[in-house]
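The structure appears below as structure tokens.
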Amino acid sequence: MGSSVVMLKFGESVKLDSLPCTQIYCIGDGWGMLETCDYMRPAYGCRYTSFKDWEADYPDCCKRHMVCD
């Protein structure tokens with residue numbers, strides 16, 4: 001497992017390659033907040049497959065292809 005060290009000022013954010021589709025925010029006093037995709041249930045009889053654009057900025061990277069049977 002790799003590790004990354006990022007120094008941010010209050011209010012700054014960064015997207016790391018090691019955490020795809022996750023935005024990291026500095027919220028002050030040495031604390032950070034991770035924001036990532038919400039769980040969304042697919043429509044009945046459907047399932048999610050791959051992400052549409054994993055490299056896009058958050059939250060656009062959360063969009064997924066759906067297949068319905």
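Coordinate-derived values only; no laboratory data. Quick caveat: nothing in here was measured; it's all calculated off a predicted structure. Every residue, glycine as well, gets a Cβ built from its backbone with ideal geometry; the counts of neighbours run over all protein chains shown.
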Loop-located trypsin sites (Lys or Arg not before Pro) in the chain, at most 11 other Cβ atoms within 10 Å (DSSP) = LYS9
Considering only DSSP states other than H, G, I, E and B, which chymotrypsin sites (Phe, Trp or Tyr not before Pro) in the chain qualify as loop sites with at most 10 other Cβ atoms within 10 Å?
-> PHE10, TYR39, TYR44
Would you please name the GluC sites (Glu not before Pro) within the chain that are DSSP coil residues with at most 11 other C-beta atoms within 10 Å of their C-beta?
-> GLU12, GLU55
Enumerate cysteines in the chain without a disulfide-compatible partner, where compatibility requires another Cys Cβ under 4.7 angstrom.
-> CYS26
Highest-MSF residue in the chain out of GLY32, GLY45, GLY11 [GNM, Cα springs under 10 Å] | GLY45
For the chain, inverting the pair-averaged 1/r of distinct alpha-carbon atoms gives a Kirkwood value in Å of 13.8
Anchor LYS63: aspartates and glutamates whose Cα lies under 12 Å away (excluding residues fewer than 8 positions away in-chain) | ASP38, ASP53, GLU55
